[in-house]
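The values are calculated or read from the model by the stated rules, or taken from the named source; none is laboratory data. Just so you know, these numbers come straight off a predicted model, no measurement behind them. Methodologically, a virtual Cβ is constructed for each residue, glycine included, from the backbone with ideal geometry; neighbour enumeration extends over all protein chains shown. Each accessible area value is taken on the protein alone, full model and side chains, heavy atoms only, with ligands, DNA and RNA left out. Shrake-Rupley method; radii C 1.70, N 1.55, O 1.52, S 1.80 Å.
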Amino acid sequence: ERYFLGLAAHGASAMVAALRESCDIDAHVARLRSIHGDVVGGEVTEEAQASRTALTHSLVQVTMRPVGAAIVDKPPASKRVPHTMTVGELKRLCQTLFKQVPLDRIRLQLADPSLPFGVPLDDEAREL
């Protein structure tokens, strides 16, 4: 019923248009609104929710720990970034977070606890 209210509110649904030919949609909408109140929903809202969910699941948590002499006293910064972000874009993000270091001097390393040493991220076109 709530889904139907959302579809009827948009009016662009083919299902609602087809039902309008055989029954009084406005009377049904008024009856359902008295039961459920105004409902936000419909195909557009569901599509927007699906895209937000897809974006949320495509984000990865990245923690940037400064180790340079000029920024070693700054705290680590954690950000959720898209997994399609390139190393070059991550370097620009680091430069905005740790402003004392110029972009051409920033070097990134993957520090994974399961690895005995850091892996340099040199290819700026590579995705995370």
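The figures follow:
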item	result
Signed unit charges on C-beta, dipole axis of the chain, positive-most listed residue His28, His83, Pro116	Pro116
For the chain, accessible area per residue (1.4 Å probe, heavy atoms of protein chains only), Å²	71 Å²
Sites excluded, trypsin sites (Lys or Arg not before Pro) in DSSP loops with at most 16 other C-beta within 10 Å, longest stretch of the chain	1-98
The chain - percent of accessible surface contributed by carbon and sulfur, probe 1.4 Å	56 percent
Tilt relative to the chain, helix 43-57 - C-alpha long axis, 0 to 90 degrees, to 10	20 degrees
Cβ charges +1 (Lys, Arg) and -1 (Asp, Glu), total dipole of the chain, debye	680 debye
